[in-house]
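The values are calculated or read from the model by the stated rules, or taken from the named source; none is laboratory data. Worth saying up front: this structure is predicted, and the values here are computed from it rather than measured. Backbone-built Cβ (ideal geometry, glycine too); neighbour counts: all protein chains shown.
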There are 2 protein chains.
Amino acid sequence: MNSFDYCNPVRIVFGEGEIARLSDLIPKGSKIMITSGGGSIFKNGIWDQVKSALAGYDIVEFKGIEPNPQYSTLMKAVDLAKKEKIDFLLAVGGGSVLDGTKFISVAAKYQGEDPWDIVEKGAKVNEAIPLGSVITLPATGSEMNCLAVVSRKEQEKKLPFGNPLIFPKFSIIDPAVTFSLPERQVSNGIVDTFVHVMEQYMTHPVNTPLQDRQAEGLILALMEEAAKLKADPNDYQVRANIFWMATWALNGWLNVGNVQCWATHMIGHELTAQTGTDHGRTLALVLPALWNHKRKEKGDKLVQFGQRVFGITGSDRDSIVDQTIAATKAFFASVGIVPSRKEYGITDEICRKVAKYIGDRGKLGDLKNIGEKEVYEILQLCD
Amino acid sequence: MNSFDYCNPVRIVFGEGEIARLSDLIPKGSKIMITSGGGSIFKNGIWDQVKSALAGYDIVEFKGIEPNPQYSTLMKAVDLAKKEKIDFLLAVGGGSVLDGTKFISVAAKYQGEDPWDIVEKGAKVNEAIPLGSVITLPATGSEMNCLAVVSRKEQEKKLPFGNPLIFPKFSIIDPAVTFSLPERQVSNGIVDTFVHVMEQYMTHPVNTPLQDRQAEGLILALMEEAAKLKADPNDYQVRANIFWMATWALNGWLNVGNVQCWATHMIGHELTAQTGTDHGRTLALVLPALWNHKRKEKGDKLVQFGQRVFGITGSDRDSIVDQTIAATKAFFASVGIVPSRKEYGITDEICRKVAKYIGDRGKLGDLKNIGEKEVYEILQLCD
């Protein structure tokens with residue numbers, strides 16, 4: 001295990017009906033900007049719950065943060081937040097709304113010329129508008145971390161950034177709000193959760209037996225609950241368990257003292273930036289190919305994962321690795337995701353472009369050995 | 001899964017040599033009271049590291065906090081902290097030193113008549129002297145929670161209390177400091193960790209598949225590392241893994257949304273208060289007997305634990321439960337703890353006294369059905 005320095009101060013308020021507690025969580029007298037996405041919260045009753053909980057607060061609304069939140073949209077929100085002298089941001093929606101709001105919170109207080117520098121150049125920020133969330137989609141884990149991913153279409157960029165200032169002060173997770181989600185988003189969220197865990201697990205080994213068991217345990221539970229969800233999409237307990245797993249997968253509890261990969265996400269982000277393919281689907285496409293390509297250096301973990309999670313037996317390591325990759329694809333298929341490069345419109349030209357773009361920014365992976373050549377090779381191995 | 005409200009803001013600084021970072025963690029200009037125990041830190045080099053890291057700070061020392069920290073001792077520290085106008089407390093030692101310091105932190109700011117009321121009557125406190133820790137013993141998990149257990153000998157009491165004000169601002173965990181620990185304390189700590197996990201797992205089921213897998217994963221890893229420690233007590237990685245497990249076992253990550261038992265601990269505390277037996281040893285004595293007594297209501301979890309952790313097969317539930325209890329005792333024995341009521345001086349008179357004392361305070365357990373009669377029966381089932 002490596003040395004580490006860890007702190008996660010996010011307060012999680014979890015359970016059905018907990019949106020009603022918003023006024024306990026946001027300082028009295030705050031002027032709040034509520035950010036939201038494409039409008040589903042206005043149809044499924046979430047907005048009514050939020051408004052009713054915040055009766056008496058001075059509220060400004062900012063709607064229309066899109067999936068893969070765009071810099072241009074977010075800068076409009078930044079202007080509004082400055083103009084209205086907002087002192088609390090409340091994101092109501094999925095990971096894109098929350099990630100976008102995290103950007104707004106630091107961009108609105110940024111002293112430099114262009115807030116995009118916070119994302120692309122790691123420019124220093126000293127202050128942020130405090131933020132909270134009512135998270136409506138189990139997927140990103142953004143509700144309990146200090147990470148965000150934002151996009152800049154005109155530059156074909158989708159980039160992550162992190163800063164302790166963007167930890168939400170609180171996140172309300174009401175699993176009942178997920179009943180109205182389209183099946184496609186639920187499936188994407190399950191794959192996203194799976195891959196978040198794997199980015200922190202499927203690396204070269206650094207002697208982390210506890211973290212390994214926790215990652216494997218999360219996947220075992222996720223597979224069980226995903227099967228139950230298929231059998232009964234209206235089971236509150238299953239919805240609750242899956243949401244908590246999504247949060248757990250990216251709140252830092254799995255990676256303390258560990259190394260991390262994140263190459264699948266970085267390649268996936270670029271494929272989304274180029275083709276608009278759902279995030280979860282690009283991950284399902286890239287992960288098995290990347291494991292296949294890096295089967296030597298990830299071999300110990302691939303074998304351990306196959307044995308402990310899928311119960312694969314035998315002594316031939318290559319065969320165990322093949323079976324582990326096949327079982328992972330089968331799990332993705334079981335939640336309805338059978339990825340296809342062709343179907344997603346990922347041409348050879350796009351593969352070359354993505355590879356070059358990533359290669360120009362440096363090497364990926366826990367061993368920093370995935371550059372332009374390797375990204376192109378991995379994309380060739382995709383289905 | 002139940003609804004929950006969770007926040008744990010403790011910063012963990014983990015790794016060899018990290019004591020040197022103390023001055024980054026304590027506000028400049030603070031007047032610090034350093035609390036410690038029986039003196040081992042003055043022999044093993046920890047004190048020198050602390051003093052060197054805090055050169056330039058105004059420091060007051062309070063030594064001699066004993067195992068099962070005593071109210072009378074702690075009140076002397078409270079008086080000193082008030083007299084010296086201390087504005088930061090640094091506990092350097094094991095769980096007893098840290099728990100005692102947590103009491104000092106709130107007692108020194110308590111406005112009521114007798115600070116013992118905070119412990120026994122849950123008296124309200126609004127303020128505390130901020131505290132940090134250099135934790136030297138993997139066992140209590142006190143380094144990353146807002147709980148403490150303190151004793152009052154003259155009243156034969158050993159009681160827990162909790163308050164968000166007593167979360168340490170930080171805890172430094174340097175696994176290398178554990179090399180000098182006596183084997184007995186290391187064994188006690190391993191059993192304490194095991195039982196902390198079980199108090200949050202071995203309950204009636206409330207549909208917590210993720211939390212279950214995490215608890216089972218921790219025990220699987222703990223058993224593996226305990227065996228490695230026996231083979232090579234000088235392996236830093238094993239020491240690091242065991243320390244992180246001890247912290248993990250009681251930082252709240254396992255019990256969110258779950259129910260908890262804690263009857264083993266409450267009975268164990270009273271046995272320690274009566275006989276002075278080590279905390280870890282009273283737990284090893286009581287846990288198997290309590291499982292045996294509550295084999296019906298804990299049956300689903302006992303079977304699941306036996307199957308998933310010990311690999312017990314077969315279909316006879318009673319037999320699986322018996323084997324699970326036997327395998328747990330065998331694990332305790334493997335780290336050198338074979339508990340004995342007789343050896344620990346637990347007479348029938350003490351059993352009756354402990355049972356009555358607990359019964360008078362109310363019922364224990366996740367189902368609140370362990371009263372005087374049941375405690376006495378459980379003690380009769382002990383080895």
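Quick one: which of B:170, B:179 is closer than 27 Å to residue B:128 by Cβ and out of contact with any His (no Cβ under 9 Å at 6 or more places or on another chain)? After applying the criteria, what remains is B:170. For segment A:251-265, indicate whether the set of residues that are farther than 26 Å from residue A:369 by Cβ and either of a type outside the set (Lys, Arg) or buried (at least 24 other Cβ atoms within 10 Å of the Cβ) (or both) is non-empty. Within segment A:251-265 (the criterion being farther than 26 Å from residue A:369 by Cβ and either of a type outside the set (Lys, Arg) or buried (at least 24 other Cβ atoms within 10 Å of the Cβ) (or both)), the answer is yes, since at least one residue qualifies.
Is it the case, given these coordinates, that residue B:74 is away from every other protein chain (no Cβ under 14 Å), within 22 Å of the chain's Cα centre (by Cα) and not hydroxyl-bearing (Ser, Thr, Tyr)? Please lay out each step first, then the result.
On the way: away from every other protein chain (no Cβ under 14 Å): yes; within 22 Å of the chain's Cα centre (by Cα): yes; not hydroxyl-bearing (Ser, Thr, Tyr): yes.
The answer is yes for residue B:74.
For (1) touching a residue at least 60 places away in the same chain (Cβ under 8 Å); (2) of a type in the set (A, V, I, L, M, F, W, C); (3) not in a strand (DSSP E or B), each residue gets a yes or a no:
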{"position": "A:5", "(1), (2), (3)": "no, no, no"}
{"position": "A:12", "(1), (2), (3)": "yes, yes, no"}
{"position": "A:34", "(1), (2), (3)": "no, yes, no"}
{"position": "A:44", "(1), (2), (3)": "yes, no, yes"}
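Among the residues making up segment A:52-80, those that are in contact with a Phe, Trp or Tyr (Cβ under 9 Å, 6 or more places away or on another chain), crowded, with 24+ Cβ neighbours inside 10 Å and among the aliphatic types (A, V, I, L, M) are A:74, A:77. Given the condition in a loop (DSSP other than H, G, I, E, B) and out of contact with any Lys or Arg (no Cβ under 7 Å at 6 or more places or on another chain), answer yes or no: does some residue in segment A:320-329 qualify? Within segment A:320-329 (the criterion being in a loop (DSSP other than H, G, I, E, B) and out of contact with any Lys or Arg (no Cβ under 7 Å at 6 or more places or on another chain)), the answer is no, since none of the residues qualifies. Of the set (1) more than 30 Å from residue B:204 (Cβ to Cβ); (2) away from every other protein chain (no Cβ under 14 Å); (3) touching a residue at least 40 places away in the same chain (Cβ under 8 Å), all apply to residue B:66 but (3).
With respect to residue B:191, is the statement that it is within 17 Å of residue B:329 (Cβ to Cβ), hydrophobic (A, V, I, L, M, F, W, C) and more than 8 Å from every other protein chain (Cβ to nearest Cβ) true? Can you show your working first?
Working: within 17 Å of residue B:329 (Cβ to Cβ): yes; hydrophobic (A, V, I, L, M, F, W, C): yes; more than 8 Å from every other protein chain (Cβ to nearest Cβ): yes.
The answer is yes for residue B:191.
Here residue B:92 passes the criteria (1) in a loop (DSSP other than H, G, I, E, B); (2) buried (at least 18 other Cβ atoms within 10 Å of the Cβ); (3) modelled with pLDDT of 95 or more except the one numbered (1). Within the option set B:182, B:168, being at pLDDT below 95 and more than 9 Å from chain A (Cβ to nearest Cβ) holds for one residue only, B:182. Taking the criterion of being within 12 Å of chain B (Cβ to nearest Cβ) and more than 28 Å from residue A:185 (Cα to Cα), the residues of segment A:10-48 that qualify are A:24, A:25. When residue B:137 is tested against (1) away from chain A (no Cβ under 14 Å); (2) touching a helix residue (DSSP H, G or I) at 6+ places or on another chain (Cβ under 9 Å); (3) of a type outside the set (Val, Ile, Thr); (4) over 27 Å from residue A:9 (Cα atoms), exactly one condition is not met: (4). For residue B:171, the conditions (1) of a type in the set (S, T, N, Q); (2) assigned to a helix (DSSP H, G or I); (3) in contact with a Leu (Cβ under 9 Å, 6 or more places away or on another chain) all hold with the exception of (2). I'm told residue A:101 meets every condition in (1) more than 14 Å from residue A:78 (Cβ to Cβ); (2) of a type outside the set (A, V, I, L, M, F, W, C); (3) touching a residue at least 40 places away in the same chain (Cβ under 8 Å) except one. Can you identify the failing condition by its number? Unmet condition: (1).
Residue B:3: away from every other protein chain (no Cβ under 14 Å) and of a type outside the set (Asp, Glu), yes or no? Spelling it out, it is not the case that residue B:3 is away from every other protein chain (no Cβ under 14 Å) and of a type outside the set (Asp, Glu). Scanning segment B:214-238 for residues that are within 11 Å of another protein chain (Cβ to nearest Cβ) and free of Cβ contacts under 8 Å to residues at least 24 places away in the same chain yields B:217, B:224, B:225, B:228, B:235, B:237, B:238. Evaluated against (1) over 19 Å from residue B:37 (Cβ atoms); (2) touching a residue at least 24 places away in the same chain (Cβ under 8 Å); (3) surrounded by fewer than 24 Cβ atoms within 10 Å (Cβ to Cβ), residue B:144 falls short on exactly one condition, (3).
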